[in-house]
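Following: one structure in structure tokens, then a few remarks.
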Amino acid sequence: MERVDPDDDIVMLGSGLTMIDQVLSLEARRHRGRIQVISRHGLTPLPHRVPRSHPVAPTFEPGTTPLSGMMKALREAASKTEDWRAVVDGLRPVTQALWQQLSTAERARFLRHANAWWSIHRHRLAPDMWESFSRMRQSGQVTVTAGWLKEIYHAGGKVRSAYLDRHSRTLRQISSDWLVNCTGMERCSISKTPLLKKMSSRGMISSDVMGLGLAVDRDSRLIDAAGVVSRSAFALGPMTVGQFFEIFAVPDIRVQAAAVAERIAQDLS
Ligand SMILES: Cc1cc2nc3c(=O)[nH]c(=O)nc-3n(C[C@H](O)[C@H](O)[C@H](O)COP(=O)(O)OP(=O)(O)OC[C@H]3O[C@@H](n4cnc5c(N)ncnc54)[C@H](O)[C@@H]3O)c2cc1C
């Protein structure tokens with residue numbers, strides 16, 4: 001970002017926390033150019049409220065309620081609670097277990113219809129960050145568009161991005177000096193990493209069923225192409241998203257790392 005001139009126009013692909021980080025670091029460098037954000041839903045993270053409300057435990061029985069029932073129960077609980085954040089925060093201790101209890105079809109349905117909404121409610125911004133970002137939107141410097149990026153090419157020294165607008169379903173183009181990849185999770189999949197591609201071609205690893213990251217069992221042990229669980233190789237963090245779903249923030253990875261360390265210690269003894 002140091003190479004970006006303060007008057008350059010920028011397109012950010014993705015509208016999650018990575019985008020917010022990039023936009024606010026540009027603001028700190030007194031950026032004046034236009035920043036256009038494109039993401040499939042055009043949704044941006046919501047703010048925390050201070051002081052935080054005490055988390056409210058879920059009203060449904062994990063493991064017995066289907067996905068649609070859980071969504072209904074969440075909406076009802078949020079409408080009855082002064083701050084919806086308390087309901088979302090109450091899910092945190094059970095989110096991984098809930099994900100693991102969903103069938104593959106339900107996981108796919110959740111990712112397709114609810115994940116973007118879950119993300120903006122769950123992965124929130126500090127209030128002052130949210131205010132800074134909102135000010136930039138209100139001033140017109142930052143715009144957020146819902147659409148699918150279809151093509152990127154060079155034209156006259158600029159980057160031309162063609163996207164399918166979500167609302168009008170028409171193909172539109174925008175021109176900028178830079179395009180910044182803020183899509184985050186995409187990097188977890190095998191196809192995005194040379195090392196993982198090589199390991200996959202040797203059959204040492206495989207994709208999880210959803211193709212989000214690596215296949216691991218509930219102990220974070222790698223599962224190879226033949227479906228055999230490794231005795232000695234583990235994966236940690238975002239790469240294990242298919243098994244654990246909420247495994248991006250350091251507090252979650254820390255718990256996983258401690259569990260893997262214990263398993264290795266047990267194996268050795
Ligand atoms: C912009 C941004 C902001 C974030 N903010 C927060 C936050 O506020 N709070 C929070 O909890 N989480 C945050 N996260 C998420 C968190 O940082 C990540 O989930 C976490 O760092 C993942 O840890 P990791 O060890 O799995 O991977 P990484 O931290 O990405 O580490 C992977 C390491 O492996 C190395 N590596 C990769 N391939 C190879 C190779 N072939 N050979 C050798 N080395 C290799 C890389 O160089 C890197 O050092 C943020 C993430 C981003 C991108």
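The values are calculated or read from the model by the stated rules, or taken from the named source; none is laboratory data. Please read these numbers as outputs of a predicted model, since none were measured by experiment. So basically every Cβ, Gly included, is an ideal-geometry build from the backbone, and we count neighbours across all protein chains shown. Keep in mind that these areas ignore ligands, DNA and RNA; they rest on the heavy atoms of the full protein, side chains included. Shrake-Rupley method; radii C 1.70, N 1.55, O 1.52, S 1.80 Å.
Some notes on this structure:
- Test: residue in region 163-171 that is in contact (Cβ under 8 Å) with a residue 12 or more places away in the chain, assigned to a strand (DSSP E or B) and open to solvent by 30 Å² or more (accessible area, probe 1.4 Å): yes
- Hey, MET136 touching a helix residue (DSSP H, G or I) at 6+ places or on another chain (Cβ under 8 Å), closer than 29 Å to ALA78 by Cβ, at pLDDT 95 or above and more than 16 Å from the ligand (Cβ to nearest atom) or not: yes
- Within region 120-129, considering residues that are closer than 25 Å to VAL255 by Cα and assigned to a helix (DSSP H, G or I), the one farthest from the chain's Cα centre (by Cα): HIS121
- Residue count for region 220-236, restricted to those that are in contact with a strand residue (DSSP E or B) (Cβ under 8 Å, 6 or more places away or on another chain) and surrounded by 14 or more Cβ atoms within 10 Å (Cβ to Cβ): 9
- Test for ARG137: is it without any contact (Cβ under 8 Å) to a residue 12 or more places away in the chain, open to solvent by 40 Å² or more (accessible area, probe 1.4 Å), among the basic types (Lys, Arg) and in contact with a strand residue (DSSP E or B) (Cβ under 9 Å, 6 or more places away or on another chain): yes
- Helices (runs of 4 or more DSSP H) enclosed by region 1-119 - at least 3 residues per element that are of a type outside the set (A, V, I, L, M, F, W, C) and open to solvent by less than 50 Å² (accessible area, probe 1.4 Å): 84-90
- Inter-residue pairs, beta-carbon under 8 Å, first of a type in the set (D, E, K, R) and in region 52-78, second open to solvent by 50 Å² or more (accessible area, probe 1.4 Å), 6+ apart: GLU76/THR59
- For LYS150, the criteria (1) buried (at least 17 other Cβ atoms within 10 Å of the Cβ); (2) farther than 30 Å from ILE205 by Cβ; (3) not polar (S, T, N, Q) hold in every case but one, which is (1).
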